[in-house]
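The values are calculated or read from the model by the stated rules, or taken from the named source; none is laboratory data. Just so it is clear, the structure is predicted and the values come from calculations on it, not from any experiment. Note that each Cβ is placed from the backbone with ideal geometry, even for glycine, and that neighbours are counted across all protein chains shown.
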Amino acid sequence: MIKKAPWLFMLFLSACLLLLAGCADKTDSTNNQEEEETEKADQYDQLAQEKNEELELEPLELTSYSEEVGAEIAEPAYKHFAANGKVTVEGTIEKHAELKSDYVWIKIHADEEGPAGDKHEYYAPITDGEFKQDIRFFNGEGEYRVEVQVPSTDRDNYYYDTAKFTVENVNPDMNRDISYTPFGFEAGLNLEGDTSYLQEEEVFSLKGAVTELTDDDTLMLVLRKDSETWKHLIPLDGGEFSYDVPLFYGAGLHELEVLVPDEERENYYQTATTLLIDNESEQIMEPIEYSKTYMERGVTLDFPQYGGEETDGVYEVKGTIDPNAEFGPETDHIYITTKKGEDEALDVIPVEDYQFNDSFHLRFGPGIYEVTVSVPEIKEENSDYFRYFGFAKFHVDSTAPDERDLLPSRGVQSDDPQIISLAEEVTGGIAGEREKVKAVYEYVAKNIAYDVEKYETDNFNWDDSALKVLELKKGVCQDYAYLAIAMLRAADIEARFVEGKAKGSGILPGNHAWVEAKVDGNWLTMDPTWGSGYVDDDVFTAKYNEDYFDPNPDEFAKTHTRTGVAY
């Protein structure tokens, strides 16, 4: 046997005593808290009892309708009494099979309006002719009038008074239970939490589940404050839902109504429950405007959650596409349209693994922009145009300067390292702006072949771009323009994409695109496509020429008609 040193033994013993003392302290603290709560409950029970001794406790009276359906109320027993925070309403209905509803409607009215309003209600399920519902008092201490109503035997959604009583609640605690309507019960709705009066700041996280709906169904949210109203549909995932609800309308009480689909009417919703949310933030936010495309195409927009934000010129969108939605697997990109006054730009953001998360530029200077987020039309045949359908619209306030002709844009990846490197290689060592622009024109016209097949088959794609044409070394007029503009902007030269018509060319007539570059403060025109060669019998022949670099305006107008600038 090894002998322990006395000092080690004493240290060990001291540690044990300290541990036991800590446990004792924790246990004592818990016990003290429980004792305080019990003492508090006893205090209000005693206060309620004292008030009841002062009141003349008269028996509860039932209406004549109770005799028609054989309704009896077991609790409460009196028509005016005091209670400690909670009252049970319990009874039976003999002729329950004849009723037009399976719920007793219990309405509660506070004599004085409080933070949680002045009324609340419960629907108590009737099971085998019996019902029982615990009710609590949403504004704490005060007087409440309670009405118990039983369904009609001959009219849908109609109830008759069966009993009325008054409760003097002596407990100051506010308890507004989450209560469900018959539609909520039938949908199997169950929200997280135990109160329907909440205090939040800017955003409320709504979570819950439904057992009687499918993932093909949606829930509707209706948010109200004063005269303002916002509506939104949210999806179900495995019978569950989660959504951060922005409290758009600043400080004060917001009413959030949760609605479930009406099984008997298509595209119609019925109230399932209502929450009251006291927003402690003064910030007023702009609701996002959603279209029906949002649900039809299975989009979930995670960011932004509201509009009206201020940004330094770059803004992000983030979200997902439901793979089970119509065209879900085929939706491989989304479009962003930004408008400021008469100016408009179109950006494209890829969808990968059913997720999108990217940013875009607000290129037209400081001010308010209208932003529309869209999904593409899914087409089976090639075409030279793209259609898209907006699913969300909001506003953004930009503080950035107007750099519309220098920033990257759709198809123009002027900030890509490969483009920057190429621009430096082509323009490096050249001093004048005109000479730099001429070098870019020459590079694009000499190194890119015209893609006759793409033109004839309308094989245009959403991801056509400067990088793509640089990889393929061929393209049509838009691709020549994309590459030239990307290189110019990478060289810090303003350039823009010009849309128009061309006729009588050796390349092919019709819709056309070319480039304008700013040289020494003035716009210079160039068409690298026409400078690259010509098409004869559907065959492209490379033959570089300088005729379409800064051409004579009158001569250029004979073959080119400018219709506008695209961003």
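A few points about this structure:
- Residue pairs whose Cβ atoms lie under 6 Å apart, sitting 6 or more positions apart in sequence or on different chains, and linking a residue in the stretch 182-197 that is at negative phi to a partner that is β-branched (Val, Ile, Thr) and surrounded by 15 or more Cβ atoms within 10 Å (Cβ to Cβ), are Phe183/Val260; Gly184/Thr273; Ala187/Val210; Ala187/Val260; Leu189/Val210; Leu191/Ile178; Ser196/Ile178.
- Count - residues of the stretch 201-233 that are of a type in the set (Val, Ile, Thr) and either farther than 17 Å from Gln270 by Cα or in contact (Cβ under 8 Å) with a residue 40 or more places away in the chain (or both): 3
- Some residue of the stretch 488-500 being touching a residue at least 12 places away in the same chain (Cβ under 8 Å), out of contact with any strand residue (DSSP E or B) (no Cβ under 8 Å at 6 or more places or on another chain) and not in a helix (DSSP H, G or I): yes
- Only listed residue being in contact with a strand residue (DSSP E or B) (Cβ under 6 Å, 6 or more places away or on another chain), over 15 Å from Leu275 (Cα atoms) and modelled with pLDDT under 95, chosen from Thr218, Thr214, Thr166: Thr218
- Thr563 being part of a strand (DSSP E or B) and surrounded by fewer than 13 Cβ atoms within 10 Å (Cβ to Cβ): yes
- Leading residue by the ranking (nearest to Ser383 (Cα to Cα)) among those in the stretch 445-466 that are of a type in the set (A, V, I, L, M, F, W, C) and in contact with an Asp or Glu (Cβ under 6 Å, 6 or more places away or on another chain): Phe460
- Within the stretch 109-156, the set of residues being under 34 Å from the mean Cα position of the chain (by Cα), assigned to a loop (DSSP other than H, G, I, E, B) and of a type outside the set (Phe, Trp, Tyr) comprises Pro115, Ala116, Asn139.
- Residue within the stretch 308-331 that is in a strand (DSSP E or B), more than 26 Å from Leu406 (Cα to Cα) and more than 19 Å from the chain's Cα centre (by Cα) present: no
- Residue in the stretch 266-294 that is surrounded by the fewest Cβ atoms within 10 Å (Cβ to Cβ), counting only those that are assigned to a loop (DSSP other than H, G, I, E, B) and within 19 Å of the chain's Cα centre (by Cα): Lys292
- Annotation note: of Ile448, Ile507, the sole residue that is at pLDDT below 95 and assigned by TED's automatic domain parsing to the domain that holds Arg562 is Ile507.
- Looking only at residues in the stretch 172-216 that are hydroxyl-bearing (Ser, Thr, Tyr) and loosely packed, with under 13 Cβ neighbours inside 10 Å, the one that is farthest from Asp134 (Cα to Cα) is Thr214.
- Failed item, numbered, when Arg297 is tested on (1) under 18 Å from Ile234 (Cα atoms); (2) surrounded by fewer than 18 Cβ atoms within 10 Å (Cβ to Cβ); (3) of a type outside the set (A, V, I, L, M): (2)
- When the residues of the stretch 442-460 are filtered to those that are of a type in the set (S, T, N, Q) and in a helix (DSSP H, G or I), the one that is nearest to the chain's Cα centre (by Cα) is Thr457.
- Candidates Ala517, Ala502, Ala491, Ala495 - the one that is surrounded by 20 or more Cβ atoms within 10 Å (Cβ to Cβ) and modelled with pLDDT under 95: Ala502
- When the stretch 429-438 is limited to residues that are within 17 Å of Glu494 (Cα to Cα) and not charged (D, E, K, R), the one that is surrounded by the fewest Cβ atoms within 10 Å (Cβ to Cβ) turns out to be Ala431.
- Yes/no for Phe204 being in contact with a Gly (Cβ under 7 Å, 6 or more places away or on another chain) and either modelled with pLDDT of 95 or more or of a type in the set (A, V, I, L, M) (or both): no
- Candidates in the stretch 520-538 are the residues that are among the hydrophobic types (A, V, I, L, M, F, W, C) and either modelled with pLDDT under 95 or touching a Phe, Trp or Tyr at 6+ places or on another chain (Cβ under 7 Å) (or both); of these, the one that is surrounded by the most Cβ atoms within 10 Å (Cβ to Cβ) is Met526.
- Unmet criterion (only one of (1) touching a residue at least 12 places away in the same chain (Cβ under 8 Å); (2) over 29 Å from Phe185 (Cβ atoms); (3) assigned by TED's automatic domain parsing to the domain that holds Phe364) for Pro287: (3)
- Taken over the stretch 192-215, residues that are in contact with a helix residue (DSSP H, G or I) (Cβ under 9 Å, 6 or more places away or on another chain) and part of a loop (DSSP other than H, G, I, E, B) amount to 3.
Quick grid of which residues meet (1) within 18 Å of Asp347 (Cβ to Cβ); (2) in contact with a helix residue (DSSP H, G or I) (Cβ under 9 Å, 6 or more places away or on another chain); (3) not small (Gly, Ala, Ser):
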{"residue": "Tyr441", "(1), (2), (3)": "no, yes, yes"}
{"residue": "Ile448", "(1), (2), (3)": "no, yes, yes"}
{"residue": "Phe460", "(1), (2), (3)": "yes, yes, yes"}
{"residue": "Met487", "(1), (2), (3)": "no, yes, yes"}
{"residue": "Gly500", "(1), (2), (3)": "no, no, no"}
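- Exactly one residue among Asp358, Asp397, Asp384 is under 30 Å from Trp523 (Cα atoms), at pLDDT 95 or above and surrounded by fewer than 19 Cβ atoms within 10 Å (Cβ to Cβ), and that residue is Asp397.
- Qualifying residue in the stretch 92-104 (condition: outside the structural domain of Glu200 (by TED's automatic domain parsing), within 15 Å of Asn169 (Cα to Cα) and aromatic (Phe, Trp, Tyr)): no
- Near pairs, Cβ below 7 angstrom, 6+ apart or cross-chain, from the stretch 237-251 (touching a residue at least 60 places away in the same chain (Cβ under 8 Å)) to any residue that is part of a strand (DSSP E or B) and small (Gly, Ala, Ser): Asp244/Ser205
- For the stretch 75-100, taking the residues that are touching a helix residue (DSSP H, G or I) at 6+ places or on another chain (Cβ under 6 Å) and either free of Cβ contacts under 8 Å to residues at least 12 places away in the same chain or not in a loop (DSSP other than H, G, I, E, B) (or both), the one that is surrounded by the fewest Cβ atoms within 10 Å (Cβ to Cβ) is identified as Phe81.
- The set of residues in the stretch 396-441 being over 19 Å from Val498 (Cβ atoms), in a helix (DSSP H, G or I) and touching a residue at least 60 places away in the same chain (Cβ under 8 Å) consists of Ile419, Ile420, Leu422, Ala423, Glu424, Val426, Thr427.
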